[in-house]
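Engineer: Before anything else, here's the structure in question.
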Amino acid sequence: DDHAAQALLAARVADDVAPAVSSRLIRLTGGNPLALVELPTALSPGQLAGTEPLPANLPITEGLQRAFLDRYRRLGADTRSLLLVAAADGSTRLGVVQEATTHLGSASGPAVFDEAEDSGLLRVVDGHVEFRHPLVRSAIYQASTSSGRRRVHRALAEALSAPDDVERRAWHLAEAATGPDADVAASLDDAAERALRRGGYEAASSAFERAAELTGSDDARARRLLAAATSAWFGGEPGRAGALAAGGRRPAIEPVVRADLDRLQGRAEFHVGSVPAAIRVWTQATRDIAAVDPARAREIAVMAFAASTFAAPPDRTDLDPAELSAQLDLRASARERCLTGLLIGFHHLLNGRLALATAPFRAAFDAAQ
């Protein structure tokens, strides 16, 4: 059960496993104790901590392969092909599995399904294919060669031609790709936007991240990693959001994209990392973007000043609000007046001038009204 599985993971893994990760491992393994003992050894520290996504198909150790693949390897070639297609398919629809298997040039008639069901590895229920255990699916998928998996994903992409299958088709095309592919990356962008419209932040983040991997241009890759990081942030994964933002910072060329990545990385640091580190990131980002986009600089500076109220004096920001507000005029928007008031108010507050902080904070409040 869940309690025993959590205890087993805690006893076997030296580093902390994020609660969301342990819950998902329990769900994907069906609470199988052998899997819970062996799987953490095949996952990276980032995956266990929740800063990196778990693979769609869990990595299977040699011990798990022996436990789950003996029957699979005794089946006929057509049946093994059918099972591999079912393992790679996320829809579980019988018609999709049959059509993709046919695209591979393998038989998918009743006799093949009978052998698959007789093996006890798979069953067909109400037009859907189901594996008898979640790890059977992962074991079969991992037992194939990488080229074999790519062929299967291409066949599934061909089989998924209905309008409702756009997202699944994009993912299968991505899994079949061997290098940068602008068309597939664009399809993943579309899939991510669809996921965002229904509140699927985790799915959107994964799609943007995979699109970034298939992107040849540094700046385009950075923008997609920013989108992936932002989706992870709104999906309640600050650690992963920070890691994605840091990954996007390296290829980023456009100053605005760099600033937005730094702003998000600072947020992740502030919430799950180090407050002084967040202040340093925001302070440097403010300086880097000030000449290009003063409004953006003021937004990020406010975060640095606000965070400094949680830090000891040596770790506080040394930004000068006067420099950041020098270009404001009487036509400044309410938002700009609000940010300026906050900057000046926090600056007075951090320097012990509490009486002087009242007026700019009041001005900020009035502008926000």
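The values are calculated or read from the model by the stated rules, or taken from the named source; none is laboratory data. All values reported here derive from a predicted model rather than from experimental measurement. Every residue, glycine as well, gets a Cβ built from its backbone with ideal geometry; the counts of neighbours run over all protein chains shown. Quick note on the areas: whole protein, heavy atoms, side chains included, nothing else; ligands and nucleic acids left out. Shrake-Rupley method; radii C 1.70, N 1.55, O 1.52, S 1.80 Å.
Engineer: Please go through region 108-153 and give me each residue that is β-branched (Val, Ile, Thr) and without any contact (Cβ under 8 Å) to a residue 12 or more places away in the chain, ordered by number.
Structural biologist: Val125, Thr145
Engineer: Right, next: Just checking, does region 182-201 include any residue being touching a Gly at 6+ places or on another chain (Cβ under 6 Å), modelled with pLDDT of 95 or more and not in a loop (DSSP other than H, G, I, E, B)?
Structural biologist: Looking only at region 182-201, we keep the residues that are touching a Gly at 6+ places or on another chain (Cβ under 6 Å), and these are 201.
The next check asks that each one be modelled with pLDDT of 95 or more; those that pass are 201.
Right, trim to not in a loop (DSSP other than H, G, I, E, B) and you get 201.
Yes, there is a match, as at least one residue in region 182-201 is touching a Gly at 6+ places or on another chain (Cβ under 6 Å), modelled with pLDDT of 95 or more and not in a loop (DSSP other than H, G, I, E, B).
Engineer: Restricting attention to region 137-180, which residues are open to solvent by less than 10 Å² (accessible area, probe 1.4 Å) and not in a helix (DSSP H, G or I)?
Structural biologist: Leu160
Engineer: For region 116-127, what are the residues that are out of contact with any strand residue (DSSP E or B) (no Cβ under 7 Å at 6 or more places or on another chain) and open to solvent by 70 Å² or more (accessible area, probe 1.4 Å)?
Structural biologist: Asp118, Asp126
Engineer: Give Arg66, Arg71 a once-over and let me know the one that is modelled with pLDDT of 85 or more, charged (D, E, K, R) and either out of contact with any Ser or Thr (no Cβ under 6 Å at 6 or more places or on another chain) or assigned to a helix (DSSP H, G or I) (or both).
Structural biologist: On the way: Arg66 fails: modelled with pLDDT of 85 or more.
On inspection, the qualifying residue turns out to be Arg71.
Engineer: Identify, please: which residue in region 288-322 is under 24 Å from Pro255 (Cα atoms) and surrounded by fewer than 13 Cβ atoms within 10 Å (Cβ to Cβ) and is, among those, modelled with the lowest pLDDT?
Structural biologist: Ala322
Engineer: For region 74-106, give me each residue that is among the small types (Gly, Ala, Ser) and crowded, with 16+ Cβ neighbours inside 10 Å. Can you show your working first?
Structural biologist: Going residue by residue through region 74-106, those that are among the small types (Gly, Ala, Ser) are 76-77, 81, 86-88, 90-91, 95, 100, 105-106.
Result: Ser81, Ala86, Ala87, Ala88, Ser91, Ala100, Ser106.
Engineer: Which condition number does Arg24 fail, the rest of (1) crowded, with 18+ Cβ neighbours inside 10 Å; (2) within 25 Å of Arg149 (Cα to Cα); (3) under 18 Å from the mean Cα position of the chain (by Cα) being met?
Structural biologist: Unmet for Arg24, out of (1) crowded, with 18+ Cβ neighbours inside 10 Å; (2) within 25 Å of Arg149 (Cα to Cα); (3) under 18 Å from the mean Cα position of the chain (by Cα): (1).
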